[in-house]
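First the structure, in the form of C-alpha cells, and then the observations on it.
Just so it is clear, none of the values below were taken in a lab; they were calculated from the coordinates. Keep in mind the model is a prediction, meaning the values are calculated, not measured. Here the Cβ positions follow ideal geometry from the backbone for every residue, glycine too, while neighbour counts run over all protein chains shown.
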Amino acid sequence: MPELPEVETVRRGLEQYVVGKKVVSAESFHRRTIKPSSLGRLEMVTGSKILAVKRRGKFLWFELDRDFVLVAHLGMSGQLLVQQSNAFDQSHLRARLRLGGKLNRTSKDEIRFIDQRTFGWLSVEESSEGIPTSVRHIAFDPFEENFDLKSVVNKIRQKRCSIKSAILNQEVLSGIGNIYADEALWRSKIHPEIICEDLSEVEVKKVISSAKSVMKLAIKSGGTSFDEQYKNVNGESGYFSRSLQVYGQQGQPCSRCGSAIHRIAFANRSSHFCPRCQR
DNA sequence: GTTACGACCTGCGAGC
DNA sequence: TGCTCGCAGGTCGTAA
C-alpha cells in the first residue's frame, strides 16, 4: 500500500525520468481517475513542460511551466510507471501521459497511471506558495524542513482519540498509513488504543521519531510490497516487507519478547501489536 | 469542534 | 469446479 516511503520512491523515480520532458498528450480511461473538480481538465497539461516532481505525505504533484500543477494520489493500489509507449497496456491502466522532448528510440516516453482499486486519482489544480489546493489541508510530513515536532506533539496530546487514530490523521502529520503506524507504535512500545491525552510528551515524541526512522529505512529498501499493489516507476517491488515487525505478523512471535503478535479490528481495518511489549 | 464510522472499489483467497 | 463472502485500506462525507 503506498504510504510515504512508497510515494517518495515513486517521486524519486519520476524525477529521474520526466523532469525537463514535455507532455505531448494526456488521456484518462476511467470515470473515477480524474477528481470530480478536475473533470475535463487533464488535457490542459498537453504542451506543458515538467519542471519538478514534489511530494507532501502521500500526495505527489508535477510542477509544470504553467499556472497549474498535476496532482496524483496513489490511493490503495495506484502505480505511476514510466515506460516505453510500445509496452503492452496493463489491465488496470487508468491514465496515460505521453512525453516528448529529447527522446531516442529506447527512451521511456510514457507515464502510466495504473490503479486496480480505483482509490487513486489525478487532478489539475492551482497552486499557491508551491502547494496545490487539494494538499493545503495536509499537515507537514516528518521529513519536511518546516515540520515542527513540538507543535505536533502538543496537538496530539490534546486529542481524546487513540494514538493510532491521531498519527493516521493527515491533518496532524502526514505520510503515515496503517503499516507504518503499527510499526512505529511497536517500536515505541505503545499500545495503539491508548488515548492521546494519557501519553506523556516523551512518549508522543518517541512515536513520531519511530515513525520517521521506520519510514526512512523503508525508503532505503524501496518501500513495502506485499503483492502487485505497489511498484516503483520501473515496475519493481520494494523489499521492506521483510523488515516488518508486527504488520501482517499476527500469530508470529514478537522479535523482542517472543509473545504472539495480536491483530485486532480498528476503524474498518486492522491493528497489529505485541500484547506484552505494548501494554 | 471533535470523533467515529460507513461508503467507495476490485481482486484474491478461504470456505462451502 | 464454481460460487459467495470477507478482507485489504486512504480519503471524504455524515452522524453523533
Item to complete: State to the nearest 20 debye the size of the charge dipole of chain A about its Cα centre, where the only charges are +1 on K and R beta carbons and -1 on D and E beta carbons.
Response: 400
Worksheet item: In whole Hz, what ³J(HN,Hα) sequence does region A:142-149 give by Karplus (6.51, -1.76, 1.60; θ = phi - 60°), x for Gly and Pro?
Response: x, 8, 7, 4, 7, 5, 9, 4
Item to complete: Report the relative contact order of chain A, percent, no decimals, based on alpha-carbon pairs under 8 angstrom and at least 6 residues apart.
Response: 19
Item to complete: Quote the charge dipole size of region A:1-154 about the Cα centre in Debye, to the nearest 20; the model charges only the Cβ of Lys and Arg (+1) and of Asp and Glu (-1).
Response: 480
Fill in: ³J(HN,Hα) computed for each position of region A:191-203 - Karplus, 6.51 cos²θ - 1.76 cosθ + 1.60, integer Hz, glycine/proline x
5, x, 9, 5, 6, 3, 4, 8, 9, 7, 4, 4, 5
Worksheet item: To the nearest 10 degrees, how steep is helix A:4-18 against the longest Cα principal axis of chain A, on a 0 to 90 scale?
Response: 20
Worksheet item: If you take the beta carbon distance between residue A:239 and residue A:193 as r and set R0 to 41 Å, what does 1/(1 + (r/R0)^6) give as a FRET efficiency, to the nearest 0.05?
Response: 0.85
Worksheet item: Counting only residues 5 or more places away or on other chains, whose amide H sits under 5 Å from the amide H of residue A:55 once H atoms are built in the peptide plane?
Response: A:61
Worksheet item: Can you work out ³J(HN,Hα) from phi for every residue in region A:242-252, in order, using Karplus 6.51 cos²θ - 1.76 cosθ + 1.60 and θ = phi - 60°, giving whole Hz and x for Gly and Pro?
Response: 5, 9, 5, 9, 10, 4, x, 9, 3, x, 7
Item to complete: Output the peptides A:232-241, A:8-17 sorted from most to least packed, where packing is the average of other Cβ atoms within 10 Å over each peptide's residues.
Response: A:8-17, A:232-241
Worksheet item: Mean residue ellipticity at 222 nm from the helices of chain A, using -39,500 (n - 2.57) per DSSP H segment of n ≥ 4 over the full residue count, to the nearest 500 deg cm²/dmol?
Response: -6500 deg cm²/dmol
Discussion item. Tell me the angle of helix A:178-187 to the major Cα principal axis of chain A, expressed in degrees between 0 and 90 and rounded to the nearest ten.
Written reply: 40
Worksheet item: Considering amide H positions built from the backbone, and no H for Pro or chain starts, which residues 5 or more places from residue A:266, or on another chain, come under 5 Å of its amide H?
Response: A:271
Discussion item. Pairs on different chains or at least eight residues apart, Cα atoms closer than 24 Å: how many lysine pairs in region A:89-190 fit?
Written reply: 7
